[in-house]
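K.L.:
Sharing a structure with you now.
Please treat every number below as a calculation from the coordinates, not as lab data. As the structure is a computational prediction, the values presented were derived from the model and not from experiment. Methodologically, a virtual Cβ is constructed for each residue, glycine included, from the backbone with ideal geometry; neighbour enumeration extends over all protein chains shown.
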Amino acid sequence: MNQSQQAFKVQRQEYVERAPQQEQIVITRRITKGEKSLWIVAGMVIFLLALCIVANQAKLYMASQDAASLQSKINDQSKVTQQLKAESDRLSSPERIVRFAEKELGLKLDIKNIKVLP
């Protein structure tokens, strides 16, 4: 071995021998009462904000359900209205009225007696 390799080996041994000699210093950090109270208050604030968000989302969901229910009722009612209007149109047709008057009431249609009012 040449001198540079021997010197490197010696330095390495010295470094290996020195490393275990160093003591590990454990630093314990104490948390003060003020810091604890601040963290607790911050946690409570975050919890309350999250609770408010969830409550608002629940209210929005309920409002959306109510709106959908009302829309469904409106659609059903509009269908009923359309059916009633069609039935009204059918019942108020002049042919039906003439037929009903002739059959049920025994009346006769005389074109000469019809007067148009202004």
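K.L.:
Given region 30-118, report the % of alpha carbon pairs whose separation exceeds 20 Å.
P.N.:
Summing the P(r) of region 30-118 above 20 Å gives 72 percent of all pairs.
K.L.:
I want to check the label-to-label distance for Ile53 and Asp110. Put each point 7 Å from Cα in the C-beta direction and report it in nm to one decimal.
P.N.:
Using points 7 Å along Cα→Cβ, the separation is 8.6 nm.
K.L.:
To the nearest 0.05, how large is the calculated FRET efficiency for Trp39 and Gln65 if R₀ is 41 Å and r is the Cβ-Cβ distance?
P.N.:
0.60
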